[in-house]
Amino acid sequence: MENPLVSIIIPVYNRSNVIGDSLESVLSQTYKQGECNIVDDGSTDFISE
C-alpha cells in the first residue's frame, strides 16, 4: 500500500474554542491521505438551537 489512509481522531469535551485551530492544523499537514473525526462526549459548552 503506497499511500495508506490515516484516520485522525480528535476527542473533545468542553473545548469548542479550539476545534477550529485543531482542524487548521490537520489541514496544514503535507500528508493528504486522511480523514478527520471529531468525537464529542457530551460537552456543555456548545448548544445548537
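The values are calculated or read from the model by the stated rules, or taken from the named source; none is laboratory data. For clarity, every value in this text was computed on a predicted model and none was experimentally measured. Cβ placement follows ideal geometry from the backbone for every residue including glycine, while neighbour counts extend to all protein chains displayed.
Residue by residue, here is whether (1) of a type in the set (S, T, N, Q); (2) modelled with pLDDT of 95 or more holds:
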| site | (1), (2) |
| --- | --- |
| E2 | no, no |
| Y13 | no, no |
| S16 | yes, no |
| I19 | no, no |
| E24 | no, yes |
| K32 | no, no |
| E35 | no, yes |
| F46 | no, no |
| E49 | no, no |
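Which condition from (1) touching a Ser or Thr at 6+ places or on another chain (Cβ under 8 Å); (2) part of a loop (DSSP other than H, G, I, E, B) is the one that M1 breaks?
(1)
If I filter the range 27-43 for residues that are loosely packed, with under 10 Cβ neighbours inside 10 Å, assigned to a helix (DSSP H, G or I) and either free of Cβ contacts under 8 Å to residues at least 60 places away in the same chain or within 10 Å of the chain's Cα centre (by Cα) (or both), do I get at least one hit?
no
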